[in-house]
Amino acid sequence: MFCVINSFALVGIDAQPVRVEVDVGNGLPGINLVGSLSAEVREARERVRVALRNAGYPVPAKKITVNLSPADIRKEGTGFDLAIAIGILTGLELIPQELVKGTCFLGEIGLDGVLRPVPGALSCAYAAKEEGYRSIYVPTENGQEAGMVEGIDVYAVRTLSDVIESFLGDQLLEPLVREFHADPTETEEDFADISGQFLAKRGAVIAAAGGHNLLLLGPPGSGKTMLAKRIPGILPAITPEESIELTKIYSVAGLIRPEAGRIMTRPFRNPHHTCTLAGMAGGGARLPVPGEITLATGGVLFLDELPEFRRECIEVLRQPLEEHRVVISRLYGNYTLPASFLLVAAMNPCPCGYFPDRNRCNCSPDRIRRYMGKISQAVIDRIDLCVEMSAVPFQDLSERTRGPSSKEIRAEVERCRMIQAERYRDESFRLNARLPSSALDKYCVMTPEAERKLASAFRSKGFSARLYDRIRRVGRTIADLAGSEKIGEEHITEAVMYHATDIGRRHEQYGKFV
């Protein structure tokens, strides 16, 4: 008998439908699997055979052919085990085919028949809903994440016998129900704990309000890492759509704990400077695994000691910073992964970190130039804000004057983002940092004084066209924080003050002062 069972294969962070076609007939006994399969999928024939026998349904001496279609999609992993097992039982006419129509199956089967979790359950459940299926069966450990999708019944089962009994027995399974409660990212780190550094904190507020990338430059101990760790706490609460996308990413990467369910907070990724190119951008032998720039989607990617990272790891940020996605090419095709994050980078002014204090810094001019030259101008041009931080004076530390808390700053950031959401309600973007160049004249209206100020800065500092546009975007965010409809001279002045283009040329100037 011929039958078709529905399942899914992961392609990037999304899932594509797979038809598990099973034909049972006479011939040389055995289970043959075809359809562009990896070794893990081919090994399913032994796992499924033993699991069915231990569940009380031994496979008879029949020729069983299983085709996973379409063949142009590479099938990886062990998530097809359950679909293959149900397909064999349906092909043997032990389960009526009418009962499995409109139903999907996902999960690995142990030899004892116990279902084991697989990555990407949320992506598969979401794709099943989009394809119009009415229900999906997943292992118990995947139930919480798959149950986040509304509009489809999700059944979390523990064993293969439970699945079979749900079709043949009298006991009906109840679908899972999940509720979403979005809360702001609450952390123990509070902005009020930072002493001094008012300019740096102001830069962090602008970055969070408009989605602008931020570079922190200063000696060791000036509070760069301390400031960066507090930025997620001032970002707005995560939305249901962002939560779904982020949970899909972490599910595909295998970073979801079974009891955790949906991710409710914005991520803060802090990779070590020894991170490889594949670890940063994502990669794998066949199908790509999300890297740090994808895992930071919706949150903060913090690169501490930026010049210490491998050059290729820094240069790979170009496309994500500009297009908010990363394209990975592999043998079986190209895969597009999301990469919409807020970049916060930190670096020292020299290898030892204390330049230009010659009482503490012994770095030679050539060494400083090489150190600063590790970051290309192309990357610098994609950073909207640069803040130079100095050592905190003893007076600021001793007075312990507390500034605004993260909760108060978050309220200001949320108000600014509401202004942007209303302004761009008819557009495909929602943040000032995402403003395309074609829309700058429409949304970044400047006063005559602001236009003259920007023109003067452009001529004197030699801005590139990309940096010219980025300053206008930053000025738009500063004006929104001030509640101004037009960008004024004071807003442009502050935006120019934060420009990072001089960092790229700083190594050329250091020799004059050494």
**OP:** Six or more apart or on different chains, Cβ under 6 Å: which pairs go from a residue in the stretch 206-235 that's within 25 Å of ARG466 (Cβ to Cβ) to one that's polar (S, T, N, Q) and crowded, with 24+ Cβ neighbours inside 10 Å? Could you list them?
**Re:** ILE206/THR477; ALA209/THR477; GLY210/ASN432; GLY210/THR477
Original post:
Are any of the residues in the stretch 349-359 in a helix (DSSP H, G or I) and either touching a Ser or Thr at 6+ places or on another chain (Cβ under 9 Å) or assigned by TED's automatic domain parsing to the domain that holds ARG470 (or both)?
Top reply: no
Original post:
Pairs under 7 Å by beta carbon, first residue closer than 12 Å to GLY211 by Cβ in the stretch 422-433, partner surrounded by 14 or more Cβ atoms within 10 Å (Cβ to Cβ) and of a type in the set (Val, Ile, Thr), six or more apart or different chains?
Top reply: ASN432/THR477
**OP:** For the stretch 45-53, indicate whether the set of residues that are more than 29 Å from the chain's Cα centre (by Cα), crowded, with 18+ Cβ neighbours inside 10 Å, farther than 22 Å from GLY113 by Cβ and among the small types (Gly, Ala, Ser) is non-empty.
**Re:** no
**OP:** Looking only at the stretch 107-137, count how many residues are more than 18 Å from ILE249 (Cβ to Cβ), crowded, with 24+ Cβ neighbours inside 10 Å and under 25 Å from the mean Cα position of the chain (by Cα).
**Re:** 2
Original post:
Filter the stretch 138-171 for residues that are surrounded by 23 or more Cβ atoms within 10 Å (Cβ to Cβ) and closer than 16 Å to ALA253 by Cα; which is farthest from the chain's Cα centre (by Cα)?
Top reply: ASN142
Original post:
Mind checking which residues of the stretch 123-149 are within 11 Å of LEU106 (Cβ to Cβ) and either in contact with an Asp or Glu (Cβ under 6 Å, 6 or more places away or on another chain) or polar (S, T, N, Q) (or both)?
Top reply: SER123, ASN142
**OP:** Would you mind stating whether ALA156 is at pLDDT 80 or above and over 30 Å from CYS124 (Cβ atoms)?
**Re:** no
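Quick check, is ARG19 assigned to a helix (DSSP H, G or I), farther than 19 Å from SER166 by Cβ and in the same structural domain as ASP162 (by TED's automatic domain parsing)?
On the way: assigned to a helix (DSSP H, G or I): no; farther than 19 Å from SER166 by Cβ: yes; in the same structural domain as ASP162 (by TED's automatic domain parsing): yes.
So ARG19 fails the test.
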Subject >> Filter result (in a loop (DSSP other than H, G, I, E, B) and free of Cβ contacts under 8 Å to residues at least 24 places away in the same chain) within the stretch 236-257 >> reply: ARG257
**OP:** Could you pull out every one of the helices (runs of 4 or more DSSP H) wholly within the stretch 49-159 that has 1 or more residues that are outside the structural domain of VAL34 (by TED's automatic domain parsing)?
**Re:** none
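Given the stretch 404-461, what helices (runs of 4 or more DSSP H) lie entirely inside it while holding 2 or more residues that are under 25 Å from the mean Cα position of the chain (by Cα), β-branched (Val, Ile, Thr) and in the same structural domain as PRO232 (by TED's automatic domain parsing)?
Ranges flagged: 406-423.
Hey, can you tell me all the residues within the stretch 431-444 that are surrounded by 14 or more Cβ atoms within 10 Å (Cβ to Cβ) and of a type outside the set (Gly, Ala, Ser)?
Scanning the stretch 431-444 gives LEU431, ASN432, ARG434, LEU435, LEU440, TYR443, CYS444.
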Original post:
Of LEU82, LEU68, LEU122, which residue is of a type in the set (A, V, I, L, M) and in contact with a Pro (Cβ under 9 Å, 6 or more places away or on another chain)?
Top reply: LEU82
Subject >> Conditions (1) assigned to a loop (DSSP other than H, G, I, E, B); (2) over 20 Å from GLU323 (Cα atoms): number failed by HIS491 >> reply: (1)
Subject >> Matching residues in the stretch 204-233 - criterion: being in contact with a strand residue (DSSP E or B) (Cβ under 9 Å, 6 or more places away or on another chain) and among the basic types (Lys, Arg) >> reply: LYS224, LYS229
Original post:
Just one of LEU255, LEU246, LEU217 is among the aliphatic types (A, V, I, L, M) and closer than 24 Å to ILE380 by Cβ; which is it?
Top reply: LEU217
**OP:** Tell me, yes or no, whether the stretch 379-399 has at least one residue that is at pLDDT 90 or above, among the hydroxyl-bearing types (Ser, Thr, Tyr) and either part of a helix (DSSP H, G or I) or closer than 20 Å to GLY210 by Cβ (or both).
**Re:** no
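The values are calculated or read from the model by the stated rules, or taken from the named source; none is laboratory data. The structure displayed is predicted, hence computed values, not measured ones. Positions of Cβ are generated from backbone atoms using ideal geometry, with glycine treated the same way; all protein chains shown enter the neighbour counts.
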